[in-house]
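First the structure, in the form of structure tokens, and then the observations on it.
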Amino acid sequence: MAKPVILIVDDEPQVLNAVERDLRLHFRSDYRILKALSGSEAIETVQQLKRRNTPLALFLVDQRMPVMTGTEFLAQALSIYPDAKKVLLTAYADTEAAITSINNIGLDFYLMKPWDPPEQNLYPILDDLLSDWVANVPIPYEGIRVAGTLWSASSHNVKDFLARNQVPYQWLDIELNKEALALVEAVNQEKHSLPVVFFPDGTTLIDPSTRELAEKIGLQTKAAKPFYDLIIIGGGPAGLAAAVYGGSEGLQTVMIEKEATGGQAGTSSRIENYLGFPQGLTGADLARRATTQALRFGVEILRTQEAINVRVEDPYRFVQLAEGVELSGKVILIATGVNVRRLEVPGIDHLTGAGVYYGASLTEAAYYKGQDVFVVGGANSAGQGAVFFSRYARKVTMLVRGSSLEAGMSQYLVDQISKTPNIDVLLHAEVMEVHGTNRLEGITVGLKDTDEVINFPAGAMFIFIGAMPHTMMVKDVVERDSAGFIITGPDLMVDGKRPRNWKQNRDPYLLETSTPGIFAAGDVRHRSIKRVATAVGEGAVAVALIHQYLRSV
Ligand SMILES: Cc1cc2nc3c(=O)[nH]c(=O)nc-3n(C[C@H](O)[C@H](O)[C@H](O)COP(=O)(O)OP(=O)(O)OC[C@H]3O[C@@H](n4cnc5c(N)ncnc54)[C@H](O)[C@@H]3O)c2cc1C
């Protein structure tokens, strides 16, 4: 932990240096001694320290200073470090001011100048105050802090990005935490942009993009090489498995991920059916382990990069990124999975991120403790979400369009839901409208069976209503089905004939698309089984097929 600070403020350089010398002699090993020649200079120092979350233990301040007296300085500094000990350096004539300060600002002590010998007149007093401070003040958090409001969509996006990239952070809600509000106001300069992200080095980012955040926290965003054996698009389970096998089997591999590794699985609160984890594991844990494994095998993982186009110039394949750069390689694996389907009802757009969330949004769950939460959807992901939120919420209501949970959900989840007393299931139910000014306040639900329309007050609504494949970047180069999923292997053969323009003297490999050397794995594939294990399996199989392909070119 960074050493706590003792800040001395005195406008007379000689006195300032003398106090500093005495304090260093006695406190140097446990405290950093800083000094300032005026109240305004000291306020600046205090603000900087706060931005870094450096603990400040004690102010030792001269009462008699021009422009800002010691008491006036302490009154301001206290809004930033309310727990720091406050000591005034006074002359005999300042006694009255010091006594007033005890009443007004809770002054801890006033010292008469001169304080010689310090062993008798200075150290015992400060030792006592500092030991009290150490005993009562919690050690401050030393990592990244995100300050914002629960209802700001951009605050949610930043927290979600950090969480999904396994970067620990501390959340400061400025509506509940006055110190955090003061901190935000000090850097925001009247602008009301949120969130403000504070880094341990004292720097801040205001309402940053995910790219800015990724670069600041040291995630790789740019490719290091001009050419790769294998370019993987998408960092979900399929992409990660291919990265681990590709990297470990000696292929120069790069993986492009537009958000965070782990894909949909990374947002899952608990994956219970993945082989080898009898207690289940969180999606975040799976993503962290797999990402570490891929990096260990030398795979480059480019985060916050979106692939927008793929083109072929035989024998090479090219991937264009949204920022304009193009990567080239011998083989491409499309593992872009699916995008969540959006719920289109009046009022939803401006409340997304402010009470309305797509997916399980694990970062937010704990904030809805004791509130009424709605889960929209009837498949496994909705079921998992409902079970997860039931641990926090007062009540979880599942809104399911179909006539039974069993129709779209694994039996183990149906059983879990029926055994959870604070989960209600409304069948034949559809969200018609959502309400709220700055945050979700209520939803209107239509019940098909009875034609009833009900308005519910709602703390949060989590939506799990299916997904669409993310394949626009290959629309001109590979065959897709009518829903946009990529067709591979035997599914490309129609009446025993190979795809149009297929020039190879062999059928397409199992996971190969209609363009040789471009493969697809996981949820993005036509007729794929939408499971973590199958995506992982396909990622691994794809690499074996890629080796076969590479031997033939
Ligand atoms: C909430 C939830 C819970 C689930 N629970 C389970 C479970 O318990 N058990 C189970 O077996 N399955 C579960 N699933 C399903 C499982 O997560 C998916 O089947 C699996 O994640 C599919 O993996 P994938 O790699 O094919 O695609 P995805 O996981 O969708 O990953 C695709 C990745 O590609 C990235 N990407 C997309 N387009 C681009 C682009 N243009 N450029 C760069 N990157 C791009 C995306 O950001 C994403 O990270 C769950 C799904 C959800 C949503």
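Throughout, read-outs are computed from the coordinates displayed, never taken from laboratory work. Bear in mind that the values here come from a model prediction, so they are computed numbers and not experimental data. Note that we place each Cβ from the backbone using ideal geometry, even for glycine, and neighbour counts take in every protein chain shown.
Data for the structure
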| read-out | value |
| --- | --- |
| FRET efficiency, 1/(1 + (r/R0)^6) with R0 51 Å, evaluated for residue 132 and residue 437 via beta carbons | 0.65 |
| Entries in 419/530; 178/258; 85/113 that, when Cα-Cα distance is taken, lie over 29 Å | 178/258 |
| Value at 222 nm in deg cm²/dmol, rounded to 500, when DSSP H runs of n ≥ 4 in the chain each add -39,500 (n - 2.57) | -9000 deg cm²/dmol |
| C-alpha long axis of helix 532-551 to longest principal axis of the chain, angle in ° | 70 degrees |
| Simple Cβ-charge dipole of the stretch 367-477, Lys/Arg +1 and Asp/Glu -1, about Cα centre, in debye nearest 20 | 460 debye |
| All aspartates and glutamates inside 13 Å of residue 369 as judged from Cα atoms, apart from same-chain residues fewer than 8 positions distant | none |
| Kirkwood-based shape ratio for the stretch 328-390, expressed as Rg/Rh from alpha carbons | 1.12 |
| Fraction of antiparallel bridges per DSSP, the chain only, in percent to nearest 5 | 35 percent |
| Nearest-20 debye value, the chain charge dipole, Cβ charges on Lys, Arg, Asp, Glu | 2080 debye |
| Test item: Cα-centred dipole of the stretch 198-259, Lys/Arg +1 and Asp/Glu -1 on Cβ, debye | 120 debye |
| Efficiency of FRET from Cβ geometry, residue 47 and residue 173, R₀ 22 Å, rounded to 0.05 | 0.60 |
| Relative contact order (percent, whole number), the chain, Cα cutoff 8 Å, 6+ residue spacing | 11 percent |
| Cα long-axis angle, helix 153-164 against the chain (0 to 90 degrees, to the nearest 10) | 70 degrees |
| Packing rank of 422-435, 92-105, where each peptide gets the mean count of other beta carbons within 10 Å, highest leading | 422-435, 92-105 |
| Positive-pole candidate from 468, 19, 332, dipole of the chain, charges at beta carbon | 332 |
| Relative contact order (%) - the stretch 385-519, alpha-carbon pairs under 8 angstrom, separation at least six | 14 percent |
| Positive-pole candidate from 458, 509, 442, dipole of the stretch 388-515, charges at beta carbon | 509 |
| Linear extension gain, residue 93 paired with residue 455, 0.36 nm per residue minus alpha-carbon span | 123.4 nm |
| Principal-axis tilt of helix 178-188 within the chain, Cα atoms, nearest 10 degrees | 80 degrees |
